[in-house]
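Taking it in order: structure first as structure tokens, then the write-up.
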Amino acid sequence: MKILKIDTGEIGSSSKFNTSSFSEIIVYFDDWMDTDYMSNYYVFIEATQKWMTFKEAFKQKYIITDNHNTCFFEPKNEEDKERGYTL
């Protein structure tokens, strides 16, 4: 998923949680990768064509997790969206 670093405006991608930490995601940019807090980024939601905070995207179920809580993505169908995670 496309992400936007709030303080610098850099656009990168992310779809995995840092499972060794709390509230961190693994972020990828053109020439580097790192882990950082979700609160430092906006996520681009393809379904709405809008940027929003991770907190709002999870709250409204525009992004959901897999059943192991290791990665996140937009739901593929209404059942997954309703459930809040995919099987």
- request: Just one of (1) over 23 Å from residue 78 (Cβ atoms); (2) in a loop (DSSP other than H, G, I, E, B); (3) free of Cβ contacts under 8 Å to residues at least 40 places away in the same chain trips up residue 48, so point out which.
  value: (1)
query: Since residue 36 meets every condition but one in (1) surrounded by 15 or more Cβ atoms within 10 Å (Cβ to Cβ); (2) in a loop (DSSP other than H, G, I, E, B), which condition does it not meet?
result: (2)
statement: Scanning the stretch 39-70 for residues that are surrounded by fewer than 14 Cβ atoms within 10 Å (Cβ to Cβ) and of a type in the set (S, T, N, Q) gives 39, 48, 49, 60, 67, 69, 70
task: State all residues of the stretch 33-87 that are more than 25 Å from residue 7 (Cβ to Cβ) and of a type in the set (A, V, I, L, M); if no residue qualifies, say none.
output: 47, 64, 87
statement: Per the filter on the stretch 51-67, residues outside any strand (DSSP E or B) and either closer than 17 Å to residue 14 by Cβ or of a type in the set (Gly, Ala, Ser) (or both) are 54, 55, 56, 57, 58, 62, 63
- prompt: Name the residues in the stretch 71-83 that are surrounded by 12 or more Cβ atoms within 10 Å (Cβ to Cβ) and modelled with pLDDT under 95, would you?
  reply: 80, 81, 83
task: Scan the stretch 13-59 residue by residue and report those that are more than 25 Å from residue 80 (Cα to Cα) and touching a Gly at 6+ places or on another chain (Cβ under 6 Å).
output: 28, 29
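The values are calculated or read from the model by the stated rules, or taken from the named source; none is laboratory data. Predicted model, so just to flag it, every value in this text is computed and none were measured. Here Cβ is always computed from backbone atoms with ideal geometry, including for glycine, and neighbour counts include all displayed protein chains.
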